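I have placed the structure first, in the form of structure tokens, so that the comments after it can refer back to it.
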Amino acid sequence: MKCRVCSHEISPFMSYGHMPIANGFLMPEQFKDEYFFELKPAFCPECLTFQIEEQPAPEMMFHENYAFFSRTSAHMQRHFKGYAEWVMVNHLRGDDAFVVELGSNDGIMLENFAKKGIRHLGVEPSANVAEVARQHGVNTLVRFFGAEVGADIAKEYGPASALMAANVMCHIPDMHGIAKGADALLSPDGVLIFEDPYLGAMIEKTSYDQIYDEHVYIFSALSVANMFSPYGFELIDLLKQETHGGSMRYVLARKGARMVAPSVAAILAEEKAAGLHLPETYEKFRQACEASKARIVRLLTEEKKAGRRVVGYGATSKSTTILNYCNIGPDLIEFISDTTPIKQGKFTPGMHIPVKPYTAFAENPPQTALLFAWNHKAEIMEKEKAFTTAGGKWLTHIEKD
Ligand code: DWN
Ligand code: ZN
């Protein structure tokens, strides 16, 4: 295959096998038509981008039935308020700021700008989540962002002070289109700010469940710097985030337009020390994934043999990779409880484990809960004190956390 960023010839370093659409929760009558593709990650030694070889068409993943709403987590609501305030304080200059967010989902971040009367626009391809954003007073355009849309927005609203995204960039295969769109849209001292699950954290924790159809890339600072440099952008700041099991916030500006913070050199050096630029790191990661798979299958089999009921907690997109790669089905996990109404009453993609409302967990607690929403651990542990004190056991596929 050719690297999606630099066209260098690369090849996958492993396969997670056949995978369904990660957010494709479905009903039994749909099982026979379920779509599968092979999930194979690859690393480009030239531009240092971690990516998946094949990604299903965007229309198969993001549509009017998209099952993920950012508002489901109270902690994430606080995170986005903090993100928005940080942008306002550190990056908006002048009093006619205009901010644009890509993949603005249900408006969880932009509503903070809307409430302050700051000019804003969300660009969100999933019509159902965009509708929720509008209900929260967030101006939203239902489109996929790219070079043309960036230019269209600039024409209609004028140049943007900030173009932001959270957990969105890693979903977009055409980063050249994003860079061109940012170039067309941003003012001369405008900033491009985005955060996504961080490659450094994924390698450290073997949290391979970050890899699924929607996540075509797992970025590092090294790869982001290489990706945007040809379009005249440079990293001016880097901030590690706790969210989604370890994320990075990347801040870019036109070369020379803004001061470069010391974090940039520090994190680039840290990534080199961790070997994120070396192919052998990914060979070790492959071995770590295989060991993780063997461990979780062993733990679940032991629970079953001991006659202990196991229920999954949080029907995350990430869990699709774990369940299908490890071949874990309803024989090992009775059901998965989830607070998202659109997932409830359906079955998980590929392995077809029933998804039930949270009440099913609370009313008939199992002996063991497999925490698929491990990235929301603090919030969930707080909520589930009663389960834990009553002797309920928690498992995750993450050993270091
Ligand atoms: O990048 C992406 C991230 C931001 O969100 C998308 N590709 C899709 C999605 O990924 P995910 O589904 O892995 O995200 P979460 O936030 O880990 O999903 C949490 C799931 O767990 C939701 O379905 C809600 C559910 N949940 C729950 O049942 N009880 C969550 C919490 C906090 C809870 O207490
Ligand atoms: Zn490349």
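Tabulated results
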quantity: Matching option when the condition is modelled with pLDDT under 95, outside the structural domain of residue 214 (by TED's automatic domain parsing) and crowded, with 16+ Cβ neighbours inside 10 Å, among 340, 320, 348; calculated: 340
quantity: Pair list, Cβ < 8 Å and 6+ apart or interchain, from the range 68-82 residues that are assigned to a loop (DSSP other than H, G, I, E, B) to residues that are within 7 Å of ligand 1 (Cβ to nearest atom); calculated: 68/23; 68/317; 68/340; 69/340; 73/376; 73/379
quantity: Subset tally (residues that are assigned to a loop (DSSP other than H, G, I, E, B) and either modelled with pLDDT under 95 or in contact with a Phe, Trp or Tyr (Cβ under 6 Å, 6 or more places away or on another chain) (or both)) for the range 304-317; calculated: 2
quantity: Unique residue being within 14 Å of ligand 1 (Cβ to nearest atom) and either aromatic (Phe, Trp, Tyr) or modelled with pLDDT of 95 or more (or both) when the list is 13, 25; calculated: 25
quantity: Test result for residue 219, without any contact (Cβ under 8 Å) to a residue 60 or more places away in the chain and under 23 Å from residue 145 (Cα atoms); calculated: no
quantity: Where residue 106 falls short, out of the listed (1) at pLDDT 90 or above; (2) more than 16 Å from ligand 1 (Cβ to nearest atom); (3) charged (D, E, K, R); calculated: (2)
quantity: Residue 383 vs. criteria out of contact with any Ser or Thr (no Cβ under 9 Å at 6 or more places or on another chain) and free of Cβ contacts under 8 Å to residues at least 12 places away in the same chain; calculated: yes
quantity: Residues of the range 227-250 satisfying the condition of being of a type outside the set (Phe, Trp, Tyr), away from ligand 2 (no atom under 16 Å from the Cβ) and over 17 Å from the mean Cα position of the chain (by Cα); calculated: 232, 234, 235, 236, 237, 238
quantity: Residues of the range 203-226 satisfying the condition of being crowded, with 24+ Cβ neighbours inside 10 Å, away from ligand 2 (no atom under 16 Å from the Cβ) and among the aliphatic types (A, V, I, L, M); calculated: 211
quantity: Candidate set from the range 336-368 (those that are in a loop (DSSP other than H, G, I, E, B), within 12 Å of ligand 1 (Cβ to nearest atom) and in contact (Cβ under 8 Å) with a residue 24 or more places away in the chain); member that is farthest from residue 306 (Cα to Cα); calculated: 340
quantity: From the options 62, 31, 68, residue that is in contact with a Pro (Cβ under 9 Å, 6 or more places away or on another chain) and either closer than 30 Å to residue 291 by Cβ or of a type in the set (A, V, I, L, M, F, W, C) (or both); calculated: 62
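Per-residue answers, yes or no, for (1) surrounded by 16 or more Cβ atoms within 10 Å (Cβ to Cβ); (2) within 17 Å of residue 169 (Cα to Cα):
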{"residue": "9", "(1), (2)": "no, no"}
{"residue": "16", "(1), (2)": "yes, no"}
{"residue": "51", "(1), (2)": "yes, yes"}
{"residue": "65", "(1), (2)": "no, no"}
{"residue": "79", "(1), (2)": "yes, no"}
{"residue": "83", "(1), (2)": "yes, yes"}
{"residue": "87", "(1), (2)": "yes, no"}
{"residue": "92", "(1), (2)": "yes, no"}
{"residue": "118", "(1), (2)": "yes, no"}
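The values are calculated or read from the model by the stated rules, or taken from the named source; none is laboratory data. None of the values given here were measured: they were computed from a predicted structure. With ideal geometry, Cβ positions are generated from the backbone for all residues, glycine too; neighbour counts draw on all protein chains shown.
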